[in-house]
Amino acid sequence: MRLDQIILFYLFSLLAGLFFVVLYYRFRRKKLEPEPSEDRVFRCSGCGYVYTDDSDVVFSKCPQCMKMNEEFRF
Ligand SMILES: [Zn+2]
């Protein structure tokens, strides 16, 4: 391999790697975007404050009065 071929090959693999990284993040963002309201809604039984938290938590602490609350269902 000549030196310019090595450089060309190196640049190409670098670009290909970058391309796949961009593709990966685009795919991940697309997967996340259609469901923006996956968060659970909580309504504080102490002060009535309505807030959201991650969907994987069952109990969430109220940011206003620190009381633990269960998920609020409409
Ligand atoms: Zn509260």
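The values are calculated or read from the model by the stated rules, or taken from the named source; none is laboratory data. Being a predicted model, the structure only gives us computed values, none of them experimental. In this analysis, Cβ positions are derived from the backbone assuming ideal geometry, glycine residues included, and neighbour counts consider all displayed protein chains.
The table below gives the values:
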{"quantity": "Per-region count, the range 49-74, residues in a loop (DSSP other than H, G, I, E, B), hydrophobic (A, V, I, L, M, F, W, C) and more than 9 Å from the ligand (Cβ to nearest atom)", "calculated": "4"}
{"quantity": "Criterion violated by residue 8 - all others in (1) surrounded by fewer than 12 Cβ atoms within 10 Å (Cβ to Cβ); (2) modelled with pLDDT of 90 or more; (3) more than 14 Å from the ligand (Cβ to nearest atom) satisfied", "calculated": "(1)"}
{"quantity": "Any hit, the range 11-18, residues being among the hydroxyl-bearing types (Ser, Thr, Tyr) and at pLDDT 95 or above", "calculated": "yes"}
